[in-house]
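**Student:** Provided herewith is a single structure, encoded as structure tokens, for subsequent inquiry.
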Amino acid sequence: MRLEWNFLAALSVCLITASGAFAQAGMTTQQSAQQRALQGQATQQGAQQRQATAPGAAAVQGLMLGAQPGATGTARAGTETEAEAGAGITLPLGEAMRPAGLPMAVFGAALFTGTATSTSDVPNPNYILAIGDRLNVRVWGAVEAEVSGIVDPEGNFFLPNIGPVRVAGTRAGDLQSTIENELRRTYTQQVQVYAVLVSAQRIGVFVTGFVRMPGRFSGSAADSVLEFLVRAGGVDPTRGSYRDITVMRGNRNVATVDLYRFLIDGRLPTLRMQDGDTVLVGRQRALVGATGAVRNNFLFEVPGRVMSGRELTEYSRPLPAATNAVIQGSRDGRPFSRYVSLNDFQRVTLTDQDTVTFITDSPAQTIRVTVEGSRIGPSVLVADREATLCQALDYIAVDPTLADTSSVFLLRTSVANQQRRALNEAADRLERQLFTAISQTQGVAAIRNTEAQLVSTYLQRARTATPDGRVVVMDSQGRCGALRLEEGDVIVIPERSNTVFVSGEVGAPRSIIWQPNLRAEDYIAQAGGFSERGSASNLLIRRPSGERVVDTRAALRPGDEIIALPRLDPRYLQLGMDLTQIVFQTALAARAFQ
């Protein structure tokens, strides 16, 4: 048990110290502060020189937070940060889970993904009667009769005692009134008529070319070209054309169908299919793909040999966020690539197998920052991308009696990622040291093996911890640092506290009312004194802002936490120092204050 405790205590001290190193990176050393001051002076001098050499340049306006009416935003590009990154792809709101990569589906292929429907024997009311259609007419009243037959080759339907009635070319919905008008000429009173189209003429149509299942398919004369294509399995998306479909009757072409007009505008040629017609699907033409920030992520068939950028824009419908286009393809057998703005893309000529990726390549002019803790105003602020923390704090309303404004801290995602990466690297190094250490005897080897297993188990648990990315932004005088805000930052304003919390290696961890004349030793005494592993030389003070203070002579403030760290076994002191040095150096390299 004592062996396990020594290892756990060593690792606990290392991790607490490491987390403090990250929070205070760039704030605790005078040399770093002086270096930042020199960098700030150099940057300011460079900006003045650029302004002097650029007459007429727009003046830089300040913060958008709480800006006065009529104020303008920043007129210059500004500097790039990790949070702003580079070009990105914005997906449509309704398709956020779209797979990344090149488009795979040809525009129009979805028309033929379902199964073919059976032919209906009852056409719609807009169907135009033709030769061979079967009708049923029933007359009752002064005269009773029922006739069922087909429209003859002359386009007439014969009624007893009436004679032939012209019905070809009549809408199915108007058949009742047409027959009734003819009967009224002979029978003027007490005659009722019921006329209905029983079935349309059955025809056979050949569907061939680049379709999935070419052949002869039966149907109704009321069926459209699209329905016969569906029965043939649809256009072959890898070889067939959606824009070159011909209807042949005998030895002549009677219609040409472009399915894009149907998909986009809902238009199909007005054509009545006849028995023996042939639907011929031509070979696929050139294809151009569109992907990225577009609503229609498809491969589009080019009507001719080339397609203009304007045509592809109309088909793909880029999102408002799209600013640029990346064109990739081949010219003369060699790879071809171009990067153009969306305006210049309209005049670009695209050829077969080109792929265009629409991207957003413009830095956001504003950032969104969340405010948590003791506040009065809104919890979300939208600021100019050059805004600093101090400027943002001027626009956050708080109750001075409740908010601890001198302990404000920042939660930043990029810092949390750095913390996780550095802790994992330090844990990996510690494991390598333990498992590769050389033992002089078998007894020492057994002890080392046990120690290594204990540490490995503890490190696995430590890796599951989630760093919060806390950044200390207030100095010892309660003044905020000149830290530029990033997208997604969280500003936390702690509430005032009148207690000091004592934890760690003490008899009874507790919160104790703060008194200005008490020292750290006094609070430790009120918490039951040190445990057997505690020591007055191993105290750490943690401020509400996240700042760590190792000087126990420092004045305690309301809200502080006193942590009594465990006393380390000398055998593991060097190991703990190595781990702390690794994490601290990594923290300095990724400090928040550049």
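The values are calculated or read from the model by the stated rules, or taken from the named source; none is laboratory data. Note that the structure is a prediction, hence the values are computed from the model and not measured. Methodologically, a virtual Cβ is constructed for each residue, glycine included, from the backbone with ideal geometry; neighbour enumeration extends over all protein chains shown. Side chains included, ligands, DNA and RNA excluded: accessible areas come from the protein's heavy atoms. Shrake-Rupley method; radii C 1.70, N 1.55, O 1.52, S 1.80 Å.
**Student:** Going by what's in this entry, would Leu575 be described as open to solvent by 30 Å² or more (accessible area, probe 1.4 Å), assigned by the TED database to the domain that holds Ser503, farther than 30 Å from Asn517 by Cβ and at pLDDT 55 or above? Steps first, answer last, please.
**Tutor:** Working: open to solvent by 30 Å² or more (accessible area, probe 1.4 Å): yes; assigned by the TED database to the domain that holds Ser503: yes; farther than 30 Å from Asn517 by Cβ: yes; at pLDDT 55 or above: no.
It is false that Leu575 is open to solvent by 30 Å² or more (accessible area, probe 1.4 Å), assigned by the TED database to the domain that holds Ser503, farther than 30 Å from Asn517 by Cβ and at pLDDT 55 or above.
**Student:** Still on this structure: Are any of the residues in region 330-340 touching a Phe, Trp or Tyr at 6+ places or on another chain (Cβ under 9 Å), under 22 Å from Arg283 (Cα atoms) and among the small types (Gly, Ala, Ser)?
**Tutor:** Yes, region 330-340 contains a residue that is touching a Phe, Trp or Tyr at 6+ places or on another chain (Cβ under 9 Å), under 22 Å from Arg283 (Cα atoms) and among the small types (Gly, Ala, Ser).
**Student:** Separate question: Restricting the search to region 204-233, which residues are over 12 Å from Val279 (Cβ atoms), crowded, with 21+ Cβ neighbours inside 10 Å and either touching a Gly at 6+ places or on another chain (Cβ under 9 Å) or acidic (Asp, Glu) (or both)?
**Tutor:** Within region 204-233, just Ala221 meets the criteria.
**Student:** While we're here: Report yes if Tyr260 is assigned to a strand (DSSP E or B), of a type outside the set (Val, Ile, Thr) and either at negative phi or touching a residue at least 60 places away in the same chain (Cβ under 8 Å) (or both), otherwise no.
**Tutor:** Numbers: assigned to a strand (DSSP E or B): no; of a type outside the set (Val, Ile, Thr): yes; either at negative phi or touching a residue at least 60 places away in the same chain (Cβ under 8 Å) (or both): yes.
So Tyr260 fails the test.
**Student:** Taking region 399-415 on its own, how many of its residues are open to solvent by less than 40 Å² (accessible area, probe 1.4 Å) and over 13 Å from Val472 (Cα atoms)?
**Tutor:** Matching residues across region 399-415 total 3.
**Student:** Which residues, counting only those in region 302-312, are closer than 17 Å to Ile264 by Cα and open to solvent by 40 Å² or more (accessible area, probe 1.4 Å)?
**Tutor:** Pro303, Arg310, Glu311
**Student:** Output the residues belonging to region 471-504 that are open to solvent by 60 Å² or more (accessible area, probe 1.4 Å) and of a type outside the set (A, V, I, L, M, F, W, C).
**Tutor:** Matches in region 471-504: Ser476, Gln477, Arg479, Glu487, Glu495, Arg496, Asn498.
**Student:** So, one more: From (1) without any contact (Cβ under 8 Å) to a residue 60 or more places away in the chain; (2) aromatic (Phe, Trp, Tyr); (3) crowded, with 17+ Cβ neighbours inside 10 Å, pick out the condition that doesn't hold for Tyr315.
**Tutor:** (1)
**Student:** Filter region 350-369 down to the residues that are hydroxyl-bearing (Ser, Thr, Tyr) and surrounded by fewer than 21 Cβ atoms within 10 Å (Cβ to Cβ) and list them by number.
**Tutor:** Within region 350-369, Thr351, Thr355, Thr360, Ser362, Thr366 qualify.
**Student:** Separate question: Which members of region 132-175 meet the condition of being of a type outside the set (A, V, I, L, M, F, W, C), closer than 20 Å to Gln201 by Cβ and either assigned by the TED database to the domain that holds Gly219 or open to solvent by 40 Å² or more (accessible area, probe 1.4 Å) (or both)?
**Tutor:** Within region 132-175, Arg134, Ser148, Asp152, Pro153, Glu154, Pro164, Arg166, Gly169, Arg171, Gly173, Asp174 qualify.
**Student:** Can you give me the number of residues within region 263-290 that are buried (at least 23 other Cβ atoms within 10 Å of the Cβ) and part of a strand (DSSP E or B)? First the steps, then the outcome.
**Tutor:** First, the residues of region 263-290 that are buried (at least 23 other Cβ atoms within 10 Å of the Cβ): 273, 279, 281, 288-290.
From what is left, the residues that are part of a strand (DSSP E or B) are 279, 281, 288-290.
Result for region 263-290: 5.
**Student:** Here's another thing I want to ask about it. Among the residues of region 335-344, is there at least one that is surrounded by 13 or more Cβ atoms within 10 Å (Cβ to Cβ) and either hydroxyl-bearing (Ser, Thr, Tyr) or modelled with pLDDT under 90 (or both)?
**Tutor:** The answer is yes, given that some residue of region 335-344 is surrounded by 13 or more Cβ atoms within 10 Å (Cβ to Cβ) and either hydroxyl-bearing (Ser, Thr, Tyr) or modelled with pLDDT under 90 (or both).
**Student:** Given Leu393, Leu423, which one is in contact (Cβ under 8 Å) with a residue 24 or more places away in the chain and crowded, with 18+ Cβ neighbours inside 10 Å?
**Tutor:** Only one candidate passes the filter, namely Leu423.
**Student:** Mind listing just one residue for me: the one in region 176-203 that is of a type in the set (Gly, Ala, Ser) and surrounded by 14 or more Cβ atoms within 10 Å (Cβ to Cβ) and, of those, farthest from Val151 (Cα to Cα)? It would help to see each step written out before you state the result.
**Tutor:** Here is the first cut: in region 176-203, the residues of a type in the set (Gly, Ala, Ser) are 177, 195, 199-200.
Keeping just the survivors that are surrounded by 14 or more Cβ atoms within 10 Å (Cβ to Cβ) gives 195, 199-200.
On the way: Ala195: 13, Ser199: 11, Ala200: 10 Å.
Ranking the qualifying residues of region 176-203, first place goes to Ala195.
**Student:** While we're looking at this one, here's another question. So, Ala321, is that one open to solvent by less than 40 Å² (accessible area, probe 1.4 Å), part of a loop (DSSP other than H, G, I, E, B) and in contact (Cβ under 8 Å) with a residue 12 or more places away in the chain or not?
**Tutor:** yes
**Student:** Tally up the residues in region 539-553 that are part of a loop (DSSP other than H, G, I, E, B) and under 48 Å from the mean Cα position of the chain (by Cα), please.
**Tutor:** Looking only at that region, the number is 7.
**Student:** If the requirement is being under 18 Å from Gln274 (Cα atoms), aliphatic (A, V, I, L, M) and touching a residue at least 24 places away in the same chain (Cβ under 8 Å), which of these qualifies: Ala142, Ala168?
**Tutor:** None of the others qualify; the one that does is Ala168.
**Student:** Take Ile512 and decide whether it is touching a strand residue (DSSP E or B) at 6+ places or on another chain (Cβ under 8 Å) and in a helix (DSSP H, G or I).
**Tutor:** For Ile512, the condition - touching a strand residue (DSSP E or B) at 6+ places or on another chain (Cβ under 8 Å) and in a helix (DSSP H, G or I) - is not met.
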